[in-house]
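Here the structure is laid out as structure tokens; the discussion comes afterwards.
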Amino acid sequence: MKTNGEKPARTIGAELLFLTLCAAGCGIPDVEREPKLAALAEKLDTIETVQLADQSRSEPVTIEEATRSLTAEVAGPNEPRQAVQLSLDQVRAAALANNLDLKVQLIEPAIAQQTVDVERARFESVFFGSGRYTRNDLDDGGAFSSRSYEAGVSTPLHTGGEITASLPVTNAGGVTEAAASVSVVQSLLRGAGTRVNLYSIQIAGYQRDSVDAFTKLQAIYILGGADIAYWQLYAAHKQLAVSREQYKMAQNQLKYARDKVAAGSAAKIEIVYAEAGLSSRLDAVISNETTVRDFERDLKRIMNRADMPLSSPIDINTVTDPDPRGLDLDPEVLVEAALRNRMELAELEFRLAIGDIDIALARNNLLPLLTLEYAYAAGGQAGDVGGAFEDVVRRPLNDHQVGLSGSIPLGNRAAEARLRRARLGKIQDEVSRDRQEQRIRQEVYEAVDSLEQGWRRILAAEQGVITAERNYQVEQLQFQLGRTTSTEVLRAASSLAEAQSRKIQSLAAYEIAQVLLARATGTLLGRSQIRLQPTVLEGK
């Protein structure tokens with residue numbers, strides 16, 4: 001009989017079932033975005049517009065207003081700016097310490113190492129525990145309840161099996177049963193053996209080594225890029241100096257033309273020719289100034305120095321000058337060095353090693369699945385937990401179980417296809433290695449030819465400057481004597497500028513060619529060895 005206010009167990013169970021069904025039928029709740037991300041999401045379907053004139057920090061000026069001040073500005077450097085003197089070694093050091101692209105790459109080895117640690121953790125022991133309460137309602141209105149608990153440790157084996165030790169306890173009807181059990185499950189064919197079960201760690205290790213190789217490859221490109229950016233800025237500075245000198249020469253020519261016209265020894269058309277030449281030189285100065293700013297900004301990005309952010313109005317003056325030397329290089333020696341040092345080949349070697357493991361695993365998967373199981377339990381029974389475990393120690397009820405189970409796929413076509421796929425992948429990687437070796441050889445040969453060509457261009461440019469200077473001086477003298485025109489003088493000045501530009505470009509190109517040849521052999525220019533330090537994550 002039930003008292004007032006009590007509900008029968010069946011009614012309670014029905015109510016719980018009803019509540020469970022109601023909860024299961026509830027709709028999916030909305031997920032609230034973080035305020036910052038919600039603000040970003042609101043902008044995704046709208047394209048904003050801008051009027052650049054409204055962004056100007058001062059009143060926009062017209063062409064006529066700006067032209068009056070432009071001529072004086074480009075004749076020499078604009079308003080004085082802060083400048084810093086940088087050598088090539090300083091640029092290399094800053095890039096190694098601060099470059100963000102390099103920092104991104106140096107995180108990759110740390111990530112790859114975590115993958116290795118994850119695979120090693122597969123063989124860690126696991127503690128487990130559980131508790132359960134069961135209640136069964138009887139037809140006569142009564143109920144039967146039981147409680148069960150279990151705690152133990154499970155350890156994966158390097159041989160492909162697992163050993164589990166546990167202490168299960170059950171209490172039902174005032175009787176407590178306890179046991180100490182040990183079970184072992186071991187594969188005998190497929191997945192059996194230490195070598196097969198350690199393959200995953202081996203693969204993760206090779207993948208980490210492959211990441212290290214790629215990181216080194218990227219570091220060579222990034223640090224070599226610092227050298228290239230330095231020499232590009234060097235050439236841009238020299239080219240700007242040439243264009244400014246040409247502008248001054250054109251100004252002088254205009255002055256000579258006006259003087260001669262005033263003296264009556266030349267026609268007024270000479271002033272027109274001289275003014276046209278001055279205008280073209282002005283455009284060259286403006287263009288070269290922009291080029292210098294672009295290369296300065298690129299070098300600032302590569303160095304990423306805190307005292308020289310991208311927006312800083314700091315000029316960078318290069319103090320390391322080219323030092324070209326005629327070299328007699330043996331391409332075959334350089335090719336052999338490249339085949340030893342290039343990280344692309346190292347990556348492929350690690351990939352080939354992983355391919356061998358994939359083939360071995362695929363062959364192992366052809367075997368039938370055969371599993372041996374053994375379990376032993378020493379049990380005891382008493383009115384309480386302590387008594388039950390005392391029985392386990394003093395008067396155990398021993399229970400032994402041995403089992404053997406197996407399965408064989410009919411046809412085994414999936415495993416055979418995986419083996420063929422692994423073998424084809426290995427063949428593809430071998431062909432890729434041969435192709436990469438061929439490309440490396442070609443790259444080294446071309447880099448050597450480029451360096452030799454660069455040396456010859458330097459020699460030719462040197463002679464070209466000497467000839468152009470002599471020709472300009474002759475034309476200028478002829479003009480003063482009234483035997484030629486301003487057009488011829490300006491043409492000679494342009495030829496001199498072109499010769500000087502060719503010399504500047506040939507010097508910078510030769511230095512860059514050395515960088516590219518070093519890169520082709522998997523090295524960097526310099527005398528000090530560079531060690532890369534992967535990023536270390538502090539704490540857990």
task: Could you please tell me which pairs satisfy a Cβ distance under 7 Å, a separation of 6+ or placement on different chains, a first residue in the stretch 412-430 that is within 23 Å of E349 (Cβ to Cβ) and open to solvent by less than 100 Å² (accessible area, probe 1.4 Å), and a second residue that is at pLDDT below 95 and not in a helix (DSSP H, G or I)?
output: L419/L366
- prompt: Quick check, is A267 part of a loop (DSSP other than H, G, I, E, B), open to solvent by 30 Å² or more (accessible area, probe 1.4 Å) and more than 30 Å from S87 (Cα to Cα)?
  reply: yes
field: Selection within the stretch 105-150 - open to solvent by 70 Å² or more (accessible area, probe 1.4 Å) and assigned to a helix (DSSP H, G or I)
entry: I107, E108, I111, Q114, V118, R120, R122
field: Residues within the stretch 376-394 that are loosely packed, with under 12 Cβ neighbours inside 10 Å and either of a type in the set (D, E, K, R) or free of Cβ contacts under 8 Å to residues at least 40 places away in the same chain (or both), tallied
entry: 3
query: Which of the residues spanning the stretch 487-540 are at pLDDT 80 or above, closer than 25 Å to G224 by Cα, open to solvent by 80 Å² or more (accessible area, probe 1.4 Å) and not polar (S, T, N, Q)?
result: R502
task: With the checklist (1) assigned to a helix (DSSP H, G or I); (2) more than 30 Å from E443 (Cα to Cα); (3) hydrophobic (A, V, I, L, M, F, W, C) in hand, flag the one item L372 doesn't pass.
output: (1)
query: Looking at L348, L366, which one is over 30 Å from D212 (Cα atoms) and either part of a helix (DSSP H, G or I) or open to solvent by 20 Å² or more (accessible area, probe 1.4 Å) (or both)?
result: L366
- prompt: Failed condition for L102, given (1) closer than 30 Å to A241 by Cα; (2) part of a helix (DSSP H, G or I); (3) at pLDDT 80 or above, with all others met?
  reply: (1)
- request: Would you be able to tell me the number of residues in the stretch 184-214 that are open to solvent by 40 Å² or more (accessible area, probe 1.4 Å) and outside any helix (DSSP H, G or I)?
  value: 6
message: Restricting to the stretch 157-166, count the residues that are touching a Phe, Trp or Tyr at 6+ places or on another chain (Cβ under 9 Å) and buried (at least 16 other Cβ atoms within 10 Å of the Cβ).
response: 2
- line: Residue pairs within 6 Å by beta carbon, gap of at least six or interchain, first lying in the stretch 216-234 and more than 14 Å from E347 (Cβ to Cβ) and without any contact (Cβ under 8 Å) to a residue 40 or more places away in the chain, second charged (D, E, K, R) and surrounded by fewer than 22 Cβ atoms within 10 Å (Cβ to Cβ), listed first then second, are none
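The values are calculated or read from the model by the stated rules, or taken from the named source; none is laboratory data. If you're wondering where the values come from, they're calculated on a predicted model, not measured in any experiment. All Cβ positions, even for glycine, are placed from backbone atoms using ideal geometry, and neighbour counts span all protein chains on display. The area values use the complete protein model at the heavy-atom level, side chains included, leaving out ligands, DNA and RNA. Shrake-Rupley method; radii C 1.70, N 1.55, O 1.52, S 1.80 Å.
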